[in-house]
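Each remark here refers to the structure printed beneath this line.
Laboratory data are not the source of any read-out in this text; all were calculated from the coordinates shown. What you see is a predicted model, and the numbers here were worked out from it, not measured in a lab. Every residue, glycine as well, gets a Cβ built from its backbone with ideal geometry; the counts of neighbours run over all protein chains shown.
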Amino acid sequence: MIRLGTRGSALALAQSGTVADAVRQLGHQVELVEISTAGDRSSAPVAQLGVGVFVSALRDALLAKEIDFAVHSFKDLPTAPADGLSVVAVPGRADPRDALVSRDSLSLAELGPGARIGTGAVRRIAQLNALGRGLIAVPIRGNVDTRLRKVADGELDAVVLARAGIARLGRADEITETLDPLLMLPAPAQGALAVECRADDVELLELLAALDDPFTRAAVTAERTLLAELEAGCSAPVGALAEVAEGDDGPEIYLRGAVFSPDGSQTIRLSRTGTLADPAEVGRALARDLRDEGADQVMGESQ
Ligand SMILES: NCc1[nH]cc(CCC(=O)O)c1CC(=O)O
């Protein structure tokens with residue numbers, strides 16, 4: 001019996017359940033072990049709780065051998081690698097875009113000045129402000145269900161959430177609009193999962209590697225290298241999206257990146273293409289380009 005550690009939220013259970021099923025398909029027995037994290041127990045803003053609030057308890061349980069592997073939302077993982085652990089697989093990614101869920105099915109364009117839009121992420125707040133439409137970003141936290149309820153209750157006109165999270169809960173039909181990355185560049189690694197186990201668990205490393213999707217891993221590597229090179233964390237005002245496309249000399253990575261000041265008054269958006277063979281280099285190169293254009297100063301406005 002292989003023990004899969006998971007947070008207890010509906011989203012975490014859905015994500016872990018999918019991965020558990022994939023491992024069962026390979027002919028193994030998997031048992032889910034629920035672990036509560038600091039991020040689940042506190043209702044303080046994530047930016048205050050610090051990097052890794054959703055993952056530390058799972059990682060501690062891994063190192064203590066209370067569980068054998070864990071599934072994380074990749075975008076919640078700190079960019080610094082964890083000692084003794086390995087991201088053994090990055091399964092195929094869901095739609096990475098953000099989504100709008102609004103009252104009366106209003107589109108983003110139909111939400112006028114003064115509309116109250118719930119989101120806790122400074123990246124999303126900045127991009128809503130940058131539209132110059134007088135939308136009011138209202139800070140919210142809590143699980144996907146709690147956030148969606150604030151629209152149903154009439155407390156908010158809309159919320160912006162990762163499409164992947166809503167879809168994994170089987171509620172994609174409630175999405176009013178999937179936001180084009182031109183307007184709302186997603187968080188690095190949004191929609192992707194990270195499967196993590198102990199770096200010395202040779203047997204499990206071999207078994208779980210079968211779940212890896214190389215294109216998703218390459219895309220996420222480019223996006224997260226960009227984030228790391230900008231020395232920014234998962235709650236930083238940074239958007240990134242890498243796509244794999246066929247180029248003249250074989251498959252290429254097309255990486256878009258952006259940094260924002262929280263009021264949306266300053267934005268730097270750039271993109272770069274590079275070989276699929278070295279996605280980290282594409283991320284590093286784009287980080288240099290963004291820095292050259294003043295990324296540190298723009299993000300600094302947020303501190
Ligand atoms: N920070 C919370 C979080 N972590 C992962 C997801 C959604 C699923 C994903 O991005 O893979 C969410 C909720 C959200 O941003 O709407």
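A few notes on this one:
- Residues Thr221, Thr18, Thr79 arranged by fewest to most Cβ contacts within 10 Å: Thr18, Thr79, Thr221
- Per-residue Cβ neighbour counts within 10 Å put Lys75, Lys65 in the sequence Lys65, Lys75, beginning with the fewest.
- At R0 = 41 Å, FRET efficiency that the Cβ-Cβ distance of Gln25 and Leu270 yields, to 0.05: 0.50
- The chain: most fluctuating residue of Pro81, Pro96, Pro214 per GNM, C-alpha cutoff 10 Å: Pro81
- Compactness of segment 219-300 as Cα Rg over 2.2 N^0.38 Å, two decimals: 1.06
- Spread of Cα-to-Cα distances over 10 Å intervals beginning at zero, given as percent, for segment 98-178: 20, 60, 20, 0
- Within segment 154-180, backbone nitrogen closer than 15 Å to the virtual label 7 Å beyond the Cα of Arg116 toward Cβ: 154-160
- For the chain: span of alpha carbons on each principal axis (Å, largest first): 56, 49, 34
- Over all other residues within a Cβ to Cβ distance under 14 Å of Leu63, the charged ones net out to -3, with Lys and Arg as +1 and Asp and Glu as -1.
- Taking other C-beta atoms within 10 Å as the exposure proxy, Phe54, Phe215 rank Phe215, Phe54 from fewest upward.
- Placing unit charges on the Cβ atoms of the charged side chains and taking the dipole of segment 202-303 about its Cα centre, the candidate lying farthest along the positive direction among Gly247, Val220, Ala277 is Val220.
- Dipole size of the chain about its Cα centre, with +1 on Lys/Arg Cβ and -1 on Asp/Glu Cβ: approximately 880 debye, rounded to the nearest 20.
- C-alpha center-to-center spacing [segment 187-201, segment 61-107] in angstrom: 6
- Spin-label model distance (nm) - Gln297 vs Arg103, 7 Å beyond Cα toward Cβ: 4.2
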